[in-house]
Amino acid sequence: MNRVENKNQIVDINGYVHVINGRVLCFKSDLYDLSENSDDVKYLTEFVNGLPTKRCFDASFGDFTIYLFTKVSDGIAVTQGDLYVYLQELPQDVSEKVKAAIEEYHSLQALYKNNQIVDVGENVYVINKKPVYIYPDALDLHKDADVDEICRLVCDTGDDMAERLTRFGEDTMLVLGTEHEEGHYNISSGDIATLPEDIQKKVKAAIDEYIKVQKKEASVFEEEAERIEPTDFEKSIYYGVRDYFDYAVHLMEQITGLRIDAEYAEQILREYLASKGYMYYDATYYNIPWMLLYFCIAKPVYGKLVREGSPLYEMLKDRSDVVLKPTEGRDYYKVDKSGDWLDLQYSFILHERKVVDDEVREEIHFQLFSSDKQGIPVEKADMVLDINEYRFPNLIHSEDSVQYRNDELLQVASRLMPDL
């Protein structure tokens, strides 16, 4: 389903990932009814349209926040994530569809807000780069309502209108004629090649000018994020990551039970920097190790080294599809498969800070999941990890911390993190 009507966009990407008015919402198909005129559609569009567009508590990643809706015992829980990270976890074809839907929405909004209407002459107009022939009395472009109507028509992405707008390829012209009944018109298609030569030239010149103006607009995905400069506080987090990356890696190993070598550590850091994790609303100097994990793309458990008794070990040890093989390393086991295939990944999600009994509590979920045939994640295990805000600074300032210094990891951070 893909429709744009009344300036609301609803795109069902794969039954779980949806783009609604340029925002990415994830929910299973049985959670909301997306049929026309349903109360759920009204709720979801109002939810999206009410979202702030800048970084704030209600949108941790600004325009690049995704919203995951999950059914819980007492209702529906909504959690947030970073769109950039999530897109990298999706199959490439799904990711591209999401990007295309978002770009389409922003393009349509630009058309509605900044309409190009060029009167070429001979009843021919170029409206948002689309040639339109309007018979007298069909529409009056001096009236706001008629301008909105013709702009709606050339922006319509429904199957029926799309066929009319492309019948003669790039030379298709929309034709609006009048019917006998007053106040109505009919819609058909024509070929601009049938117009006088001078009119054709003016049409093409207007289209070229429109395209040139559009190219000057910054791409939603490539440039919008660059417009936000980090604050001094966010810079301090960035430099904290760079200066103490080796300590952060040591704590990440303690927190998860995963063995993190230099190559894996570099991958974690690259993903964190790609998402500008230091600019995340709830990022602090104290939760750096957990935020490095939070911005990680989901990883397969197969082949990983896991410490006995650790959170990941506990989630894996009783699974029939997993074999934990002893290694020469102290207390570490290698994750192997018991059959021909192991479809199991781990990820760190649902970071939350909340007040419990007058104290701030911070936590993150460590989750195991597999994917169904549509690529929709299916949770297999979940463990809540408490974030101790004193643990990281205490490690940095402890007398024994020198044993955790690692020049190789510090060189990785120095290479990937130039001065801001």
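The values are calculated or read from the model by the stated rules, or taken from the named source; none is laboratory data. What you are looking at is a predicted structure, and each value in this text was computed from that prediction instead of being measured. Backbone-built Cβ (ideal geometry, glycine too); neighbour counts: all protein chains shown. Side chains are part of the model used for accessible areas, which takes the heavy atoms of the whole protein and leaves out ligands, DNA and RNA. Shrake-Rupley method; radii C 1.70, N 1.55, O 1.52, S 1.80 Å.
Observations on the model:
- Subset of region 209-233 that is open to solvent by 100 Å² or more (accessible area, probe 1.4 Å) and outside any helix (DSSP H, G or I) - its residue that is modelled with the highest pLDDT: GLU229
- First in region 191-204 and without any contact (Cβ under 8 Å) to a residue 24 or more places away in the chain, second anywhere and part of a helix (DSSP H, G or I) and among the β-branched types (Val, Ile, Thr), Cβ under 7 Å, 6 or more apart: GLN200/ILE192
- Total residues in region 265-283, condition surrounded by fewer than 19 Cβ atoms within 10 Å (Cβ to Cβ) and outside any helix (DSSP H, G or I): 2
- Listed conditions (1) in a helix (DSSP H, G or I); (2) under 19 Å from the mean Cα position of the chain (by Cα); (3) modelled with pLDDT under 70 are all met by PRO52, apart from (1).
- Residue among LEU312, LEU342 that is part of a helix (DSSP H, G or I), touching a residue at least 40 places away in the same chain (Cβ under 8 Å) and open to solvent by less than 50 Å² (accessible area, probe 1.4 Å): LEU312
- Every test in (1) closer than 27 Å to PRO289 by Cβ; (2) part of a helix (DSSP H, G or I); (3) at pLDDT 80 or above is passed by ALA206 save one, and that test is (1).
- When residues of region 253-264 are limited to those that are of a type in the set (D, E, K, R) and in a loop (DSSP other than H, G, I, E, B), the one nearest to MET417 (Cα to Cα): ASP261
- Candidate set from region 293-308 (those that are outside any loop (DSSP other than H, G, I, E, B) and in contact (Cβ under 8 Å) with a residue 60 or more places away in the chain); member that is nearest to the chain's Cα centre (by Cα): TYR294
- Looking across GLY240, GLY329, one residue alone is modelled with pLDDT of 85 or more and among the small types (Gly, Ala, Ser). It is GLY240.
- Breaking point among (1) surrounded by 14 or more Cβ atoms within 10 Å (Cβ to Cβ); (2) part of a loop (DSSP other than H, G, I, E, B), for TRP290: (2)
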